[in-house]
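**Student:** Pasting in a structure now, in structure tokens, and then I'll have a few things to ask.
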Amino acid sequence: LFVQARPALEELWLSPGAGNDPVTVGRRDGAVVVLDPAQPPPRQDTEWRARQGSFQLGGDARIRAWVDLGGILGDEDGAGSEGLTLESAAPAAAAGAEITAAVEIEDPRWDPPIRFWLVARQDESQVERSVAALAGRYRRTVIWNLVVIVALSAVVALALVQLHRRVRAEAAAQQERKVRELERGLLHSERLASVGRFAAGVAHEVNNPLEGMGNYLRLLEADLEAGDTPGARERLRRVREGLDRAAAVVRRVLTFSDPARSPKESFSMLESIREAVDFLAPRFPKVAIEVADESRGAEILANRVDLSQLFLNLLLNACEGQPGGGEIRVELTERDAWVTVRITDRGPGLDEEAVDRLFEPFYSTRGSSGLGLAVCHGIVQDHGGEISAANAPDGPGAAFEVHFPKAAARRVVEA
């Protein structure tokens, strides 16, 4: 039990005294066993003793112990206990290049008391190598600490840069959000203003015929009281004209808000253009209308009625812009998947405000209802096209361009 409780104790030889056989306890494969006393101690070999220390008590009872010095120091492979010995007398001074260190160990509880020295002897060069190795480890530690500090400094610098960028990005995003909010506010205000102008235009256009009808109804009452039948019929005809005019305004508003979506068919725009030209030619004999077809028969997918109304409105505006006579050129071309109609007149042209508000409902430069071009814009959008207006590049006058997708391209998009 004594040996088992002390892992550093390799072997213990006990001679109780005269007349008693000695007892030897040692270790075999990690287990503590009682050895044959007739056999010499197995730990007497030179190699083992070079790594072990032993001491012996005098008197009748003698104890001899073999101690694993490496086990005492917690050095299992024994490298740290190299040069350590247990000696019964104080070591002599070192000679030459040897360095000696000794620690006296005494335990008075034994009789006689145990007293020995734990001695370490090493060559001076070996000590220097140990110190050099220790210094090297410290240097490496210092170098690694410096590397870690530099790396941490770089990481902190990078983090600060990223933080600065993030702060700037958040500030820019916040500024952009404010700008978008202002834009939405302006857009909302513009929409409200457009709705106000739209409502005012509708009220104005409907109020005029209503006032006229009110006047004619009062005259009709007077004619009926006077028994003037022909006069009453004339007043009634005027009331009917007012009703027709108010109904026309309402139809135009409905057409603007929801363009007709009747079934579409594939045909050439040249047909609708020629129909509009034939309808307007007798009404404006002083305006020469020239049609140039370079579309090579390209067809679009559209509603014939809507398209006739579109070109009739555009050509009518061009004719009314030249009351004293003039010229209108209609060019029909095709390119890639689009068919383009360009209508150019020789009138006074458009001012800057007119270009920006031309397709706005109830906006007019000639005192008309201002719904014609707004209706045109709705028809073109309903057919997936584009419409634009500008001053003619080669002289006075205005130029309108209408772009429609070809029939094949339109079918692919709708599919």
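**Student:** Taking 22 Å as R0, compute the FRET efficiency from the Cβ-Cβ separation of Val103 and Ala132 and round it to 0.05.
**Tutor:** 0.30
**Student:** How would Glu331, Glu352 line up by accessible area, probe 1.4 Å, largest first?
**Tutor:** Glu352, Glu331
**Student:** Now a separate question. Please work out how much length the chain gains when fully extended from Asn145 to His403, using 0.36 nm per residue of separation minus the C-alpha to C-alpha distance, in nm with one decimal.
**Tutor:** Full-extension gain reported as 85.6 nm.
**Student:** Protein chains only, probe 1.4 Å: how do Arg139, Arg64, Arg109, Arg180 rank by accessible area, largest first?
**Tutor:** I get Arg109, Arg139, Arg180, Arg64, largest accessible area first.
**Student:** Right, next: Can you give me the solvent accessible area of Val142 with a 1.4 Å probe, rounded to the nearest 10 Å²?
**Tutor:** 80
**Student:** Work out, step by step, the length gained on full extension between Asp336 and Arg218: first 0.36 nm times the residue separation, then minus their alpha carbon distance; give nm to one decimal.
**Tutor:** Taking Asp336 through Arg218 to full extension adds about 36.3 nm, to one decimal.
**Student:** Continuing with this model, one more query. Report the accessible area of Arg28, computed with a 1.4 Å probe over the heavy atoms of all protein chains in place, in Å² rounded to the nearest 10.
**Tutor:** My reading of the accessible area for Arg28 is about 100 Å².
**Student:** What distance in nm lies between label points placed 7 Å from Cα along the C-beta direction at Asn207 and Arg166?
**Tutor:** Once both label points are built, they end up 6.1 nm from each other.
**Student:** Separate question: Among the lysines, which have Cα under 21 Å from the Cα of Lys406 when same-chain residues fewer than 8 positions away are ignored?
**Tutor:** Lys264
**Student:** ³J(HN,Hα) across segment 316-331 via Karplus (A = 6.51, B = -1.76, C = 1.60, θ = phi - 60°), whole Hz, x for Gly/Pro?
**Tutor:** Those phi angles translate into 5, 4, 5, 5, 5, x, 10, x, x, x, x, 10, 9, 10, 10, 10 Hz.
**Student:** At a probe size of 1.4 Å, how large is the accessible area of Ile143, to the nearest 10 Å²?
**Tutor:** 100
**Student:** To continue, here is another question. Which values of log₁₀ I(q)/I(0), to two decimal places, follow from the Debye formula for segment 133-193 at q = 0.16, 0.20, 0.22, 0.24 Å⁻¹ with a uniform point scatterer at every Cα?
**Tutor:** Once normalised to I(0) and log-transformed, intensities are -0.71, -0.82, -0.87, -0.91.
**Student:** Another question about this same structure. Which ³J(HN,Hα) values, rounded to whole Hz and listed in residue order, are derived for segment 168-185 from phi using the Karplus coefficients 6.51, -1.76 and 1.60 in 6.51 cos²θ - 1.76 cosθ + 1.60 with θ = phi - 60°, glycine and proline given as x?
**Tutor:** Each residue of segment 168-185 in turn: 5, 5, 5, 5, 5, 5, 5, 5, 5, 4, 5, 4, 4, 4, 5, 5, 5, x Hz.
The values are calculated or read from the model by the stated rules, or taken from the named source; none is laboratory data. Remember, it's a predicted structure, so these values are computed and weren't measured experimentally. Virtual Cβ from ideal backbone geometry, glycine too; neighbours counted across all protein chains shown. With ligands, DNA and RNA removed, areas are computed over all heavy atoms of the protein, side chains included. Shrake-Rupley method; radii C 1.70, N 1.55, O 1.52, S 1.80 Å.
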